[in-house]
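Structure, as structure tokens:
The values are calculated or read from the model by the stated rules, or taken from the named source; none is laboratory data. Source: prediction; values computed, not measured. Quick reminder, even Gly has a Cβ in these numbers, built from the backbone with ideal geometry, and neighbours come from all protein chains shown.
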Amino acid sequence: MMQYLIVIEQTPTGYSAYSPDLPGCISTGATREEVEQNMREAVSFHLEGLKLEGLEIPPPTTSSAYINVAA
């Protein structure tokens with residue numbers, strides 16, 4: 001089991017997401033839950049495509065953090 005970070009952004013029509021560790025792997029959804037499920041499917045599909053092409057599976061290396069700043 002591999003754990004990839006996904007970045008979720010709200011859009012005027014719903015949500016979009018991508019994984020910094022998997023360039024080109026993106027998805028959308030009407031709700032946050034939908035975009036998360038769609039990204040699970042997109043990441044699985046992306047990794048399977050890499051395997052079929054004989055390409056290396058990139059390890060998950062991206063992390064995230066929140067910081068507090070005075071605004």
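Of the candidates TYR15, TYR66, the single residue that is part of a loop (DSSP other than H, G, I, E, B) and either of a type in the set (Ser, Thr, Tyr) or under 16 Å from the mean Cα position of the chain (by Cα) (or both) is TYR66. Criterion applied to GLU36, GLU48 was being in contact (Cβ under 8 Å) with a residue 24 or more places away in the chain and acidic (Asp, Glu), and the one residue passing it is GLU36.
Of all the criteria given as (1) at pLDDT below 95; (2) part of a strand (DSSP E or B), the one not satisfied by ILE8 is (1). Among the residues making up the stretch 1-19, those that are within 15 Å of SER44 (Cα to Cα) and touching a strand residue (DSSP E or B) at 6+ places or on another chain (Cβ under 7 Å) are ILE6, ALA17, TYR18. Right, MET39: modelled with pLDDT under 95 and of a type in the set (A, V, I, L, M, F, W, C) or not? In short, no. Residues in the stretch 22-44 that are crowded, with 17+ Cβ neighbours inside 10 Å and assigned to a loop (DSSP other than H, G, I, E, B): LEU22, CYS25. Identify all residues within the stretch 49-71 that are touching an Asp or Glu at 6+ places or on another chain (Cβ under 9 Å) and of a type outside the set (Ser, Thr, Tyr); write none if there are none. The answer is LEU50, PRO58, PRO59, PRO60.
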